[in-house]
Amino acid sequence: MIDYEKYFNNSITSIKPSGIRKFFDIANEMDDVISLSIGEPDFQTPWHIRDEGINSLEKGKTWYSPNRGFSELCDEICIYYNRRFGISYDSKSQVLVTVCGSESIDIAFHTLVEKGDEVIIPEPSFVCYEPLTVMAGGTPVIIKTKNAENFMLKARDLEHALTAKTK
């Protein structure tokens, strides 16, 4: 029998499973439970969106998208941000479309964090910040926020956590 684990990256095998994932698995086995643990809504996708997906399949649009996302979508994102927030972006160099938020955070961490960098993570936080820091070669520096302080990050705690390695 082959011991595949000896080939795994040690930084990956050291990451603990997400507690939210455990909760999701338990809730998924129960009737009449609305689980918001992994950010999924408690309603079905509206028909106008499903129809567009079906239409795309019927038209044979089953290929991979460009790495940055379809140019038309990137253009529309820029139009939306300009209309809604008065912010201008260049759709060809400043917009990247990903499948989900976790993927975009992963890309950002792998782009910005290098081996030895420290990443400050106020907790409670999104469950992927710590493992993504580790997978990018960084060291998580956890700052626990307090209920008594409305879970707000305090300047004194942030200043205490800062080092020359903070990214």
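Taking loop as defined by DSSP and a crowding limit of 15 other beta carbons within 10 Å, which GluC sites (Glu not before Pro) in segment 85-167 fit?
Filter output for segment 85-167: E114.
So, in nm, how far is label S102 from label L158 when the simple model puts each one 7 Å beyond its Cα toward the Cβ?
Label-label distance for S102 and L158, simple model: 2.8 nm.
Measuring from label point to label point, each 7 Å out along Cα→Cβ, what is the I20 to K59 span in nm?
Result for the modelled spin labels: 3.3 nm.
What is the sum of charges around I142, taking Lys and Arg as +1, Asp and Glu as -1, for the other residues whose C-beta is under 11 Å from the C-beta of I142?
Charge balance near I142 sits at -3.
Projecting each Cα onto the charge dipole of segment 96-152 (Lys/Arg +1, Asp/Glu -1 at the beta carbon, about the Cα centre), which of L112, V127, C100 comes out farthest on the positive side?
Going by the charge dipole, the pick is V127.
Can you list which of the trypsin sites (Lys or Arg not before Pro) found in segment 107-154 are DSSP loop residues with at most 16 other C-beta atoms within 10 Å?
Of the trypsin sites (Lys or Arg not before Pro), the ones in loops of segment 107-154 whose Cβ has at most 16 other Cβ atoms within 10 Å are K115, K146, K154.
Would you mind working out the accessible area per residue for the chain, using a 1.4 Å probe, and quoting it in Å²?
Here the residues of the chain average 81 Å² of exposed surface.
Can you tell me the relative contact order of the chain? Whole percent, Cα pairs under 8 Å, sequence separation 6 or more.
17
May I have the count of lysine pairs in the chain with C-alpha atoms under 12 Å apart, counting pairs 8 or more residues apart or located on different chains?
For the chain, the number of qualifying lysine pairs is 4.
With the Cα gyration tensor of segment 1-58 giving a ≥ b ≥ c as the square roots of its eigenvalues, does the rule (a/c under 1.5 for rounded; else a/b larger than b/c for prolate; else oblate) give rounded, prolate or oblate?
oblate
For M135, what accessible surface area do you get with a 1.4 Å probe? Give it in Å², rounded to 10.
Per-residue accessible area (M135): approximately 80 Å².
When only Cα pairs under 8 Å and 6 or more residues apart are kept, what is the percent relative contact order across segment 88-140?
Dividing the mean separation by the residue count of segment 88-140 yields 35 percent.
In nm, what is the difference between 0.36 nm times the number of residues separating I143 and I2 and their Cα-Cα distance?
46.7 nm
Largest first and to the nearest Å, give the Cα extent of the chain along each principal axis.
54, 48, 44
For the chain, set up a GNM with springs between Cα atoms under 10 Å and report which of V119, V127, V99 has the largest fluctuation.
In the Gaussian network model the winner is V99.
Is it possible to state the helix-based mean residue ellipticity at 222 nm for the chain, with each DSSP H run of 4+ residues giving -39500 (n - 2.57), the sum divided by total residues, to the nearest 500 deg cm²/dmol? What is it?
Helices in the chain give a 222 nm mean residue ellipticity of -11500 deg cm²/dmol.
Once you charge only the Cβ atoms, +1 for Lys and Arg and -1 for Asp and Glu, what is the size of the charge dipole of the chain about its Cα centre, to the nearest 20 debye?
580
In a Gaussian network model over the chain where Cα atoms closer than 10 Å are linked, find which of L57, L112, L96 has the largest mean-square fluctuation.
With Cα springs under 10 Å in the chain, the top fluctuation among L57, L112, L96 is at L57.
Once amide H atoms are built 1.01 Å from N in the peptide plane, which residues 5 or more positions from I120, or in another chain, come under 5 Å H to H?
Here the answer is V141, K167, since their amide H atoms fall under 5 Å of that of I120.
Would you mind calculating the gained length between Y81 and D51 on full extension (0.36 nm times residue separation, minus the Cα-Cα distance), in nm to one decimal?
So the extension gain works out to 8.2 nm.
How large, in percent, is the carbon and sulfur part of the accessible surface of the chain at a probe radius of 1.4 Å?
That share works out to 56 percent.
Taking Cα centroids, how far is segment 1-70 from segment 93-114 in Å?
Here the two parts' Cα centres lie 17 Å apart.
Where nothing but the Cβ of Lys and Arg (+1) and of Asp and Glu (-1) is charged, how large is the charge dipole of segment 26-91 around its Cα centre, in debye to the nearest 20?
440
The values are calculated or read from the model by the stated rules, or taken from the named source; none is laboratory data. None of these values were measured; they are calculated from a predicted model. Because the Cβ atoms are built from the backbone with ideal geometry, glycine has one as well, and the counts that use them run over all protein chains shown. Ligands, DNA and RNA are stripped out before the accessible areas are found, and what is left, the full protein with its side chains, is counted by its heavy atoms. Shrake-Rupley method; radii C 1.70, N 1.55, O 1.52, S 1.80 Å.
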